[in-house]
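Enquirer: Below: one structure in structure tokens.
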Amino acid sequence: MGTSEWVSTSMPYLTPRKKGQPDAWDAEAASRGRRGSQRIVHAGEVVPPPEVAELLGAAEGEAVVVRRRMMYLDDRPCELTDTYSPSHIARGTRLAGTAKIPGGAVTLLADLGHVGVRIREDVIARMPSAEEREALQTGPDKPVLQLTRTTLDGDDQPIQVDTMTMPAERQRLRYEIRIG
């Protein structure tokens, strides 16, 4: 494992934050002596890619709310993150805006009465598009990891889908599973 490799776990991003706590990304980076930041590139209603629409249970052509962010670790681009929410949940909330959300989207969703109780994550390796290579500052022969996370509520209804694209050479995903 190289010194620039980042080891990430999903759990901090699935639990609502307490009032006054920083969002999970800032807290995780700070706990390792690093600096995490983000820039919101776009927020608002869009027709999602077909695979995201399917995960959200949205009809073909139905608009959902997206927040597109560029994540940075020590001022270096490290991840492209798109967070999609059904419009009936996110329309008219901070999820549809470009301002930073105190405690993050998971905290806001919980405040709105939408708590995730089951998570499904899929990870694939692929070659990046030219736009992704440029944004992530990677070479043309460097693959990326794409993590797609679907968050479901207690009624097994999707409340959020995240798609995260990160340079494979700078990332390690860690999954810890407690049984019983």
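The values are calculated or read from the model by the stated rules, or taken from the named source; none is laboratory data. Note that the structure is a prediction, hence the values are computed from the model and not measured. Positions of Cβ are generated from backbone atoms using ideal geometry, with glycine treated the same way; all protein chains shown enter the neighbour counts.
Enquirer: If we scan region 75-86, do we find a residue that is of a type in the set (A, V, I, L, M), crowded, with 19+ Cβ neighbours inside 10 Å and at pLDDT 95 or above?
Expert: Step one: filter region 75-86 for residues of a type in the set (A, V, I, L, M), giving 80.
Then drop every residue that is not crowded, with 19+ Cβ neighbours inside 10 Å, which leaves 80.
After this cut, where a residue has to be at pLDDT 95 or above as well, the list is 80.
So far as region 75-86 goes, yes, one or more of its residues are of a type in the set (A, V, I, L, M), crowded, with 19+ Cβ neighbours inside 10 Å and at pLDDT 95 or above.
Enquirer: Here is a follow-up. Could you count how many residues in region 58-90 are in contact with a strand residue (DSSP E or B) (Cβ under 6 Å, 6 or more places away or on another chain) and assigned to a loop (DSSP other than H, G, I, E, B)?
Expert: So the count comes out to 2.
Enquirer: Looking at 149, 178, 172, which one is more than 25 Å from residue 53 (Cα to Cα) and assigned to a strand (DSSP E or B)?
Expert: 172
Enquirer: With respect to the numbered conditions (1) assigned to a helix (DSSP H, G or I); (2) free of Cβ contacts under 8 Å to residues at least 60 places away in the same chain; (3) not charged (D, E, K, R), which one is the sole condition not fulfilled by residue 135?
Expert: Of everything listed in (1) assigned to a helix (DSSP H, G or I); (2) free of Cβ contacts under 8 Å to residues at least 60 places away in the same chain; (3) not charged (D, E, K, R), residue 135 misses just condition (2).
Enquirer: Only one of 60, 45 is at pLDDT below 95, more than 22 Å from residue 147 (Cβ to Cβ) and among the charged types (D, E, K, R); which? Give the steps one after another, and end with the answer.
Expert: Working: 45 fails: at pLDDT below 95.
Just a single option satisfies the conditions, and that option is 60.
Enquirer: Here's another thing I want to ask about it. Looking for whichever is over 17 Å from residue 162 (Cβ atoms), modelled with pLDDT under 95 and part of a helix (DSSP H, G or I) here; the options are 29, 99. Which one fits?
Expert: On the way: 99 fails: part of a helix (DSSP H, G or I).
So the residue among 29, 99 that is over 17 Å from residue 162 (Cβ atoms), modelled with pLDDT under 95 and part of a helix (DSSP H, G or I) is 29.
Enquirer: Output the residue which, of all residues in region 101-147 that are of a type in the set (D, E, K, R) and under 30 Å from residue 19 (Cα atoms), is surrounded by the most Cβ atoms within 10 Å (Cβ to Cβ).
Expert: 111
Enquirer: I've got another one for you. Can you tell me which of (1) within 20 Å of residue 39 (Cα to Cα); (2) surrounded by 12 or more Cβ atoms within 10 Å (Cβ to Cβ); (3) free of Cβ contacts under 8 Å to residues at least 24 places away in the same chain; (4) not β-branched (Val, Ile, Thr) is the one residue 160 doesn't meet?
Expert: (3)
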